[in-house]
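This report refers to the structure that appears directly beneath it.
The values are calculated or read from the model by the stated rules, or taken from the named source; none is laboratory data. It should be emphasised that the depicted structure is a prediction, and the values quoted were computed from it without experimental measurement. Every residue, glycine among them, receives a Cβ derived from its backbone with ideal geometry; neighbour counts consider all protein chains shown.
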Amino acid sequence: MILTNVAYYFIHLVFVLFDGHLREFELASSKLSNSWVAVSGFALMVKSLQILSILSALITGLAFAIASLASLLKSKVQSCLSRVLVGSTKASQTGLASVTEGTTTPALSP
């Protein structure tokens, strides 16, 4: 931040040093243009900071939403996998039990 302020000061210093070699009319026009650049540059800087803060808030919100959805999706996938695995072990156990009893068709659990 300090380096930025020093660079900003040196830009205006170069303009003033250059203006010392001009006549009266050119000096007046140069001062008006320097003033306009300083004011509009500050306005653009403030506006860009506002846009940057809005974008950073949006990105932070999206990152939080993606993380929440990822954890929710992970828990849903884990619960579905556990249901499938538990269901397949139950079906295989009941199928084996019915085969040992003498029937050839495995019993399917609902």
Subject >> Residue list for the range 1-30, filter: assigned to a helix (DSSP H, G or I), closer than 21 Å to MET45 by Cα and not hydroxyl-bearing (Ser, Thr, Tyr) >> reply: ILE2, LEU3, ASN5, VAL6, ALA7, PHE10, ILE11, HIS12, LEU13, VAL14, PHE15
Subject >> Residues within the range 12-32 that are of a type in the set (Val, Ile, Thr) and at pLDDT below 75, tallied >> reply: 1
Original post:
Which members of the range 1-55 meet the condition of being surrounded by 10 or more Cβ atoms within 10 Å (Cβ to Cβ), among the hydroxyl-bearing types (Ser, Thr, Tyr) and within 30 Å of the chain's Cα centre (by Cα)?
Top reply: SER40, SER48, SER53
Original post:
Are there any pairs with C-beta distances below 9 angstrom linking a residue in the range 73-87 that is on the phi > 0 side of the Ramachandran plot to a residue that is aliphatic (A, V, I, L, M) and at pLDDT 80 or above, with the two at least 6 apart or on different chains, and if so which?
Top reply: none
